[in-house]
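The values are calculated or read from the model by the stated rules, or taken from the named source; none is laboratory data. Since the model is a prediction, treat every value here as computed from it, not as a measurement. Cβ placement follows ideal geometry from the backbone for every residue including glycine, while neighbour counts extend to all protein chains displayed. Note: accessible area is taken over every heavy atom of the protein model, side chains too, but ligands, DNA and RNA are not part of it. Shrake-Rupley method; radii C 1.70, N 1.55, O 1.52, S 1.80 Å.
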Amino acid sequence: MVPESKLTPRTPLNPPVNGGKQDKHPIRFSDEGIEWAAEQVVELLKERRPRVLLVSDELVALHYAEAFVQTLTRKGFEVVTSTFPPGESQKTFARISSLLDSLALEKFARDDLVIGLGGGVVTDVAGFAAAIYSRGMDWIAVPTTLLGMVDAAIGGKTGVDHPLEKNLIGAFHQPLAVFAPMKLLDTLEHRQWTAGSAEVVKAGLLAGGELWNMIAEHGADLGNWDRSAAVQIIPKSARVKIEIVAQDEREAGLRRLLNFGHTFGHALESVSGYSTFLHGEAVFLGMRAAIRLSQSLGFLAEKVARSIEEILSQVAIPFAEIRPDELLEALLHDKKHQAGKLNWVLLEDIGKAKIVTDIPPELIRETAEWLCDVAGKGTVQASGKQRIRILVLNGPNLNLMGTREPEIYGQDTYEDLVAQLREFAESHEIDLLIRQSNVEGELISLIHAARHWADGIVINPGAYTHTSVAIRDAIAAVRVPTIEVHLSDISQREEFRKVSLVAPVCAGQIVGKGIGGYLEALEELGIRN
Ligand code: DQA
């Protein structure tokens, strides 16, 4: 286990709020998995058994909620779960309102507990609901993404977007604790690693020292690092934020340094409609602009600026056509919200940042033009094909493959199926989620959740093929290209098996080829995508 971050107390710029909780609450990292995080909750609360509202998104819940809840309930906790679709679109007041409804309907009290299990959207929303329900209840953050672990879950900023502006509504509400199970990052997509790396690199440039040396040695995209090195740097990076927040929780001064790279970064996100860049990708470009400005103004030595640019320019960023005028307009919009002047965070050296407000407009224009040019080129890797993501779903009795009527379904076991699927997916750069269930409703819920993330579904509904209108309706509803597979050739079997209710809503049907049929289906979906 990686040791707990130690806060080095310095003179606070602001009196600490929450009774100084910011200085005390544990922020722990471990290279273990989700059960570890649940055990930490149990340990933290000692004999206390508050009721828990577990807030998560459907995708995170699919992977981790069951194990997390089981660990808590085994220790005597009562857990109510509230999940919602993944994505920034959920960071709304309507979502908060529905969480407040759940808390009220379930008669939660102020001394109960909210746990946010997920990425930045989940912890922002969970923390905000906890901040305002019953005038403030405790909450714990369990971040599941790199960005969450190094940034979003730390610092106590909670809230939602307003239709007119991101993060406009919210509260400072420190969690009781943050537990980051880094094993979960094993399954994080490369692009999410890249985006999360921006906040690590930002911390490295603000703090310098060992943190920056590691980045200079291994590169700015943690997705390309050895996992053991990545696991080392994550808590170190988080500690930079923890220490800054400990001194200036309410962003009166020092905390503003954390906006390094975010001025142009926000403007890029906003002009591209929040769809082209992930937040971190825009921040990478924003940091490159800030380095350029720092050098142009004579704060940063040319040699240092060049060495940083060399490292940052290696990171894969999607291509975007942006006009400098639009970018400047977006900056002006931000300016209105900062009492008429933009606070630029610039570097004087690695490990030494400062805030500058009076930058000549021509220099900002020139930097905006440069940035649009850089964004217009993108990089091959990011603008190329992303890994496709497929759900492989098996219905009732397929867990008994190998032992179940082998003369019909063959000798291969379910474990053989999973192993061959994984091997095929790895060599074809496909991300897979493989699930089997004997319960119709569970299969339907998995199909529903797939609409948020999957590029395709391979389904063997087992006997439900011939009976389930509900599974057929689910496939039709989600509009994810789906291929139906059967181990046996159902057209050559009993009359009742010849009819497939799902076939009319599937893009294809493969029968009688055993495990080979599943692999063929994956290949077919790969070509379609
Ligand atoms: C099956 C065929 C179904 O008729 C049967 O109920 C199954 C397996 C197949 O893979 O061949 O469970 O889907």
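Just to be sure before I move on: is Arg95 of a type in the set (Lys, Arg), open to solvent by 40 Å² or more (accessible area, probe 1.4 Å) and touching a strand residue (DSSP E or B) at 6+ places or on another chain (Cβ under 7 Å) in the structure I sent?
In short, yes.
If you go through region 170-185 one residue at a time, how many are part of a helix (DSSP H, G or I) and farther than 17 Å from Ala65 by Cα?
Total meeting the criteria: 0.
Restricting to region 70-95, and then to whatever is of a type in the set (Lys, Arg) and in a loop (DSSP other than H, G, I, E, B), can you tell me which residue is nearest to Ala171 (Cα to Cα)?
Going residue by residue through region 70-95, those that are of a type in the set (Lys, Arg) are 74-75, 91, 95.
With the extra rule that they be in a loop (DSSP other than H, G, I, E, B), the set shrinks to 75, 91.
Working: Lys75: 32, Lys91: 14 Å.
Among them, the one singled out is Lys91.
Taking region 484-529 on its own, how many of its residues are closer than 23 Å to Glu440 by Cα and open to solvent by 70 Å² or more (accessible area, probe 1.4 Å)?
Of the residues in region 484-529, 7 are closer than 23 Å to Glu440 by Cα and open to solvent by 70 Å² or more (accessible area, probe 1.4 Å).
Could you give me the residue pairs with C-beta distances under 9 Å whose first residue belongs to region 173-191 and is acidic (Asp, Glu), whose second residue is at pLDDT 95 or above wherever it lies, and which are 6+ apart or on separate chains?
Within 9 Å, the pairs are Asp186/Gly33.
Does Leu44 fit the bill of being part of a helix (DSSP H, G or I), modelled with pLDDT of 95 or more and of a type in the set (A, V, I, L, M, F, W, C)?
Yes, satisfied.
Taking the options Ala463, Ala477, name whichever one is open to solvent by 20 Å² or more (accessible area, probe 1.4 Å), within 16 Å of the ligand (Cβ to nearest atom) and touching a Lys or Arg at 6+ places or on another chain (Cβ under 9 Å).
Answer to the selection: Ala463.
Would you mind telling me which numbered condition in (1) under 18 Å from the mean Cα position of the chain (by Cα); (2) open to solvent by 10 Å² or more (accessible area, probe 1.4 Å) Pro181 fails?
Single failed check for Pro181: (2).
Of everything in region 389-443 that's at positive phi and open to solvent by 60 Å² or more (accessible area, probe 1.4 Å), which residue is farthest from the ligand (Cβ to nearest atom)?
Step one: filter region 389-443 for residues at positive phi, giving 397, 402, 405, 410, 429.
Narrowing further to those that are open to solvent by 60 Å² or more (accessible area, probe 1.4 Å): 397, 405, 429.
Numbers: Asn397: 5, Glu405: 9, Glu429: 27 Å.
Among them, the one singled out is Glu429.
Leu211 fails exactly one of the following numbered conditions: (1) crowded, with 23+ Cβ neighbours inside 10 Å; (2) assigned to a helix (DSSP H, G or I); (3) aliphatic (A, V, I, L, M). What is the number of that condition?
Checking Leu211 against (1) crowded, with 23+ Cβ neighbours inside 10 Å; (2) assigned to a helix (DSSP H, G or I); (3) aliphatic (A, V, I, L, M), the one that fails is (1).
Give me the pairs: first residue in region 135-164 and more than 17 Å from Val55 (Cα to Cα), second residue part of a loop (DSSP other than H, G, I, E, B) and of a type in the set (Val, Ile, Thr), beta-carbon distance under 8 Å, and six or more apart or on different chains, which are they?
Qualifying pairs under 8 Å: Asp161/Thr92.
Report whether or not Ser270 is of a type in the set (Gly, Ala, Ser), open to solvent by 30 Å² or more (accessible area, probe 1.4 Å), touching a residue at least 60 places away in the same chain (Cβ under 8 Å) and farther than 16 Å from Lys166 by Cβ.
For Ser270, the condition - of a type in the set (Gly, Ala, Ser), open to solvent by 30 Å² or more (accessible area, probe 1.4 Å), touching a residue at least 60 places away in the same chain (Cβ under 8 Å) and farther than 16 Å from Lys166 by Cβ - is not met.
Which residue out of Leu293, Leu278, Leu285 is open to solvent by less than 30 Å² (accessible area, probe 1.4 Å), among the hydrophobic types (A, V, I, L, M, F, W, C) and under 26 Å from the mean Cα position of the chain (by Cα)?
Leu285
Select, from Asp248, Asp325, Asp226, the only residue that is without any contact (Cβ under 8 Å) to a residue 60 or more places away in the chain and closer than 29 Å to Ser30 by Cα. If you could, list the steps in order and put the result at the bottom.
Values: Asp248 fails: without any contact (Cβ under 8 Å) to a residue 60 or more places away in the chain; Asp325 fails: closer than 29 Å to Ser30 by Cα.
Matching residue, one of Asp248, Asp325, Asp226: Asp226.
Can you spot a residue in region 521-529 that is within 15 Å of the ligand (Cβ to nearest atom), within 24 Å of Phe84 (Cβ to Cβ) and modelled with pLDDT of 95 or more?
Here is the first cut: in region 521-529, the residues within 15 Å of the ligand (Cβ to nearest atom) are 521.
When the remaining residues are screened for being within 24 Å of Phe84 (Cβ to Cβ), the result is none.
Within region 521-529, none of the residues are within 15 Å of the ligand (Cβ to nearest atom), within 24 Å of Phe84 (Cβ to Cβ) and modelled with pLDDT of 95 or more.
This table checks each residue for (1) modelled with pLDDT of 95 or more; (2) in a helix (DSSP H, G or I); (3) in contact with a helix residue (DSSP H, G or I) (Cβ under 7 Å, 6 or more places away or on another chain); (4) surrounded by fewer than 23 Cβ atoms within 10 Å (Cβ to Cβ).
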{"site": "Leu117", "(1), (2), (3), (4)": "yes, no, yes, no"}
{"site": "Thr123", "(1), (2), (3), (4)": "yes, yes, yes, no"}
{"site": "Ala129", "(1), (2), (3), (4)": "yes, yes, yes, no"}
{"site": "Ser134", "(1), (2), (3), (4)": "yes, yes, no, yes"}
{"site": "Trp139", "(1), (2), (3), (4)": "yes, no, yes, no"}
{"site": "Leu147", "(1), (2), (3), (4)": "yes, yes, yes, no"}
{"site": "Val150", "(1), (2), (3), (4)": "yes, yes, yes, no"}
{"site": "Thr158", "(1), (2), (3), (4)": "yes, no, yes, no"}
{"site": "Leu168", "(1), (2), (3), (4)": "no, no, no, yes"}
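Which pairs turn up if I take residues in region 204-218 that are aromatic (Phe, Trp, Tyr) and look for partners that are crowded, with 21+ Cβ neighbours inside 10 Å with beta carbon separation below 8 Å, at least 6 apart in sequence or on another chain?
What qualifies is Trp212/Gly204; Trp212/Leu205; Trp212/Ile350.
Check region 309-319 and report whether any residue there is of a type in the set (Val, Ile, Thr), at negative phi and not in a helix (DSSP H, G or I).
Yes, because at least one residue in region 309-319 is of a type in the set (Val, Ile, Thr), at negative phi and not in a helix (DSSP H, G or I).
Being within 11 Å of the ligand (Cβ to nearest atom) and touching a Leu at 6+ places or on another chain (Cβ under 9 Å) is the filter here; which residues of region 486-517 pass it?
Leu487, Val511, Gly512, Lys513, Gly514, Ile515, Gly517
Kindly establish whether Val356 is buried (at least 19 other Cβ atoms within 10 Å of the Cβ), touching a Phe, Trp or Tyr at 6+ places or on another chain (Cβ under 6 Å) and not small (Gly, Ala, Ser).
The answer is no for Val356.
Pick from Gly517, Gly512: which is within 21 Å of His428 (Cβ to Cβ) and in the same structural domain as Asp416 (by TED's automatic domain parsing)? Full working, then the answer.
On the way: Gly512 fails: within 21 Å of His428 (Cβ to Cβ).
Of the residues listed, the single one that is within 21 Å of His428 (Cβ to Cβ) and in the same structural domain as Asp416 (by TED's automatic domain parsing) is Gly517.
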